1. What is the residue count in the stretch 167-194 for residues that are surrounded by 13 or more Cβ atoms within 10 Å (Cβ to Cβ), touching a residue at least 40 places away in the same chain (Cβ under 8 Å) and either within 25 Å of Gly12 (Cα to Cα) or of a type in the set (Val, Ile, Thr) (or both)?
2. Restrict the check to the stretch 61-68 and report whether at least one residue is within 14 Å of the chain's Cα centre (by Cα) and either on the phi > 0 side of the Ramachandran plot or in contact (Cβ under 8 Å) with a residue 12 or more places away in the chain (or both).
3. Please name all residue pairs, on different chains or six or more residues apart, with Cβ atoms under 8 Å, provided the first residue is in the stretch 150-164 and is of a type in the set (A, V, I, L, M) and the second residue is in a helix (DSSP H, G or I).
4. Scan the stretch 73-110 residue by residue and report those that are in contact with a helix residue (DSSP H, G or I) (Cβ under 7 Å, 6 or more places away or on another chain) and not in a loop (DSSP other than H, G, I, E, B).
5. Which ones in the stretch 91-131 are surrounded by 15 or more Cβ atoms within 10 Å (Cβ to Cβ), touching a residue at least 24 places away in the same chain (Cβ under 8 Å) and of a type in the set (D, E, K, R)?
6. Within the stretch 30-41, is even one residue over 19 Å from Tyr164 (Cβ atoms), surrounded by 14 or more Cβ atoms within 10 Å (Cβ to Cβ) and touching a strand residue (DSSP E or B) at 6+ places or on another chain (Cβ under 7 Å)?
7. I need a count of the residues in the stretch 25-40 that are more than 17 Å from the chain's Cα centre (by Cα) and under 17 Å from Ala61 (Cα atoms).
8. Being crowded, with 16+ Cβ neighbours inside 10 Å and under 18 Å from Val84 (Cβ atoms) is the filter here, so list the residues in the stretch 132-163 that pass it.
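No value in this document is a laboratory result; all are computed from the given coordinates. A quick note: this is a predicted structure, and the numbers were derived from the prediction, not measured. Don't worry about glycine lacking a Cβ; one is built from the backbone with ideal geometry, like all the others, and counts go over all protein chains shown.
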Amino acid sequence: MRALIECSRVAGAPYTVCKVFSDKPDAAGLEVARGLGVPGEALDGAQTADRAAYDRALAAAIGACSPTLIVLAGFMRILSPPFVTDFVGRILNIHPSLLPKFPGLNTHRRALEAHEAQHGATVHFVTAELDRGPRIIQARVGVTAQDDEASLAARVQAQEHRIYPLAVRWFCEGRLRYGDGQAWLDGQVLREPVQFTDTEP
């Protein structure tokens, strides 16, 4: 989130971050956002067990901002199909693995346990199927014998800060779109996500 806000302040940036939402009132990200001059609002998910009711409230709060794009960053609630339908093609997520490998939680641990040679992060469009939306861009990092979850997570996160603002820029510049259940970049279907490695400048 901080990287997205900071990139939006660069001269010529095609987007601004208008508001940050969290389902946890004590989320550190809310204070970070406010400290950077972006309004932050908590919609406490712990106060309701009714997923549909929560998602309706969230959709109404987001809709009031009239956003071009919704960007998920550390938002751990699974969004309901009606919510995704309301904003279809306008929600991005970043997942800490090279999807389709390791959807869900504990991705760094699972990559280490599987003795993966490479790990990374994937930006994708959000669909009703968890972590299965069309992939847009991936960043890869090598996995070393010395890695533990913390060291691997830190290297992956550094790459997340590179590729997420880039995907948002592409969307807001009109280069990236969602159509026919697929991601399109510069008028071409992305059969495979754009690839970055941690050795690139």
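1. Summing the residues that are surrounded by 13 or more Cβ atoms within 10 Å (Cβ to Cβ), touching a residue at least 40 places away in the same chain (Cβ under 8 Å) and either within 25 Å of Gly12 (Cα to Cα) or of a type in the set (Val, Ile, Thr) (or both) in the stretch 167-194 gives 11.
2. no
3. Leu152/His108; Leu152/Ala111; Leu152/Leu112; Ala153/His108; Val156/His108
4. Selection gives Pro82, Phe83, Asp86, Ile91, Leu92, Ile94, His108, Arg109.
5. Glu116, Asp131
6. Yes, the stretch 30-41 contains a residue that is over 19 Å from Tyr164 (Cβ atoms), surrounded by 14 or more Cβ atoms within 10 Å (Cβ to Cβ) and touching a strand residue (DSSP E or B) at 6+ places or on another chain (Cβ under 7 Å).
7. 4
8. Selection gives Gly133, Pro134, Arg135, Ile136.
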